[in-house]
Every structure is written in C-alpha cells, then in structure tokens.
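For reference, the structure discussed in these notes is given below.
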Amino acid sequence: MTRIFPVALTATPAEVRSAPILLRGDLAGAFRTAAELGCAGLEVHLRYPSDVQAGRLRRWIAEYALAVPTIGTGMAATLDGLTLAHPDPAIRRQALERLRAHVDLAAQIGSAVTIGSVSGRLGPDEAQRSERRAAALEALTELCRYAHACGVTLLLEPLNRYECDYLNTLADALALAQEIGAPNLKLLADTFHMNIEETDIAAALAAAAPRLGHVHLADSNRQAPGRGHLDFAPILAALARSGYRGFLSFEILPVPDPVTAAQQGIRTVQALSDILTAAQKGE
Ligand code: LER
Ligand code: MN
C-alpha cells in the first residue's frame, strides 16, 4: 500500500448524520472494509467508551491486522455538551470522567485518545477567558497524568474558529502542550482546520513535527483529498521531510459514498507517496 505513511479510515458504531466520519453503524463491517482497501488502521469514534466492548475491538484488530491509532471523542462535546473549558465545574468533571473511560479503553486496545471538540470554548467574556483556559489546562493536566499511568498518548487537536476559540493553530496547541509539559501529550494536525487557520500549512507542520502524533487528512470541503482545492503535495512533502511516519487518517464526509471517498483519498496519498519516494531515490 502507501509506502511512506500508513493510512486509516474513520468509523463509528453510532448512526451519526453530519459528522466527518466515513463508516457509520456497523463497526465489524468497517474493519472489514478498511482491511479490504489495504489500510493499516481504523480510527474509531465513540460517544461512550461502553458503546463497544474492548474484547470485540481486540478481536477485530487481530482478525483484520489493523491498528486503532486513536479513539475520537468529539461526540462527548457535540452530543452531550461535555468540554474541558466549560464554565460549570460539574460539567468539566463529567468531561474528565468520560475521557478517563476513553483512556481505559485505549489502554486495552493500544490506541491514543483524541482531545479535539472536547477542548470546548472559553467564551467571549475577556474577564472569564483566562480563568476558563486555566481550568481547561488543569483538567487536561490531570487527564495527561491519568493517561500516562495507563500508557496512553493524548492527541491535542486545534480546530477552526467556528468550533473552538482558543486552540486554532498548531502553534496554539503546541504552546498549551508545552505549558502542561506531559510527555504523553502530542498534537493532532487536521488539514481541514489548518486550511482555515494556518498561514502556511507545510511550515506549521514542520514546526510542530517533534510533537506531532497523528494527522487527519481532509480536503478544503471536508471531502476526500483530491475532491477539494487543497494542494496535498507540499503537505505530504513537509510531513515526510520532518520525519513524520504516523497515520494519515481520513476524517472526511462519505461523499459520494464511503468506499468511493476512501478509495479517492487512498489514491491521492498513494500518488503523492510515489512521487516522494521517487524523489528520495533521485529518479
Ligand atoms: C472536529 O471538527 C474534528 O476535527 C475532530 O477530530 C475533533 O474531535
Ligand atoms: Mn479532526
């Protein structure tokens, strides 16, 4: 398959409608599809960690020889309103409890846990913003400690301004990660958000490379790479040059349908990987 980067599809057992997740509902079928398409991984998004038994995930991981690189946790925020920056300490606590349970599951299946939409918002009130950022930082620090004891990596993901108001660029996330200073807190770069927020996507990836743990690959319209107007050549070249060899995971809309979208993304990554490999060999 792809020669430089392992690729992953995204799946959820939930019947979500508008989320950028490729395969919905049938998780066993999602593992089969990812394996049939030659992927190395399947990123699983869960509302509750108890939505799937760890034992079943472990069986599918073994049966299809796939990794689950990370567990997507955004539904805790989008469906249940649980975020780490919430003004209500009881809600922050619930968010933390949900994320701890995700960490427990991740420890059993060898995956990381995404901290994306659950970062939440600080709100428009300047006086409250620093207090809420401090609360989010404290909650995330506590979660890092817990995850570290479980051997689990957390992936802090900056989101575009319409979804988050304090972690929009990789530099924002890197600054927070450096403040926390936990060795198991890495960064997740999502090209859909970066297209909106970064001045120079390739330069931002290069600067964040030492802490980069995972990549969501989506085009400008959140469809498969190749179906929008993002230029993935400099993006993949920057990742390759910086030594990133982690997953490229298609967190995209299933347009026109899940398999066609996955095949399109895989073809785009494959074609660019071929060019990069040829360049490396000096062809
Ligand atoms: C949401 O837009 C997103 O990119 C997710 O990965 C965050 O949970
Ligand atoms: Mn993402």
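Throughout, read-outs are computed from the coordinates displayed, never taken from laboratory work. In this text the structure is predicted, and so the values were computed from the model without any measurement. Cβ coordinates were reconstructed from backbone atoms using ideal geometry, including for glycine residues, and neighbour counts include every protein chain displayed.
At-a-glance table
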item	result
Table column - 3J(HN,Hα) (Hz), segment 74-88, Karplus curve with 6.51, -1.76, 1.60, x for Gly and Pro	x, 5, 4, 8, 6, 9, 10, x, 8, 9, 6, 9, 5, x, 8
Ser50 paired with Val255, simple spin-label distance in nm, labels 7 Å along Cα-to-beta-carbon	3.7
Choice from Pro89, Pro258, Pro124 showing the highest fluctuation, given a GNM over the chain with Cα pairs closer than 10 Å	Pro124
Simple Cβ-charge dipole of segment 193-283, Lys/Arg +1 and Asp/Glu -1, about Cα centre, in debye nearest 20	240
Relative contact order (percent, whole number), segment 152-251, Cα cutoff 8 Å, 6+ residue spacing	25
Within the chain: Cβ-based charge dipole about Cα centre, in debye rounded to nearest 20 (Lys, Arg +1; Asp, Glu -1)	620
Once the Cα gyration tensor of the chain is diagonalised, semi-axes √(5λ) in Å	28, 22, 17
Chain lengthening between Arg93 and Asn160 when straightened (0.36 nm per residue, less Cα-Cα)	21.6 nm
Fluctuation leader among Leu105, Leu37, Leu248 - the chain, Gaussian network, Cα springs under 10 angstrom	Leu37
Using a Förster distance of 45 Å, the FRET efficiency for Arg133-Lys281 (Cβ separation, nearest 0.05)	0.45
Per-residue Cβ neighbour rank within 10 angstrom, fewest leading, His216, His45	His45, His216
Average Cα contact separation per residue, segment 23-181, under 8 Å, 6 or more apart, as relative contact order %	20
Sorted by Cβ density within 10 Å, fewest first, the residues Met75, Met194	Met75, Met194
Net lengthening on full extension, Arg241/Cys150 (0.36 nm per residue, minus Cα-Cα)	29.6 nm
Built amide H within the under 5 Å cut-off of Ala67, gap 5+	Gly41, Leu42
Compactness of segment 130-188 - radius of gyration and Dmax, Cα, Å	11.3, 34
Cβ-derived FRET efficiency at R0 25 Å, Asp231 paired with Thr78, nearest 0.05	0.25
Ascending count of other beta-carbon atoms within 10 Å, so fewest first, for Thr70, Thr191	Thr191, Thr70
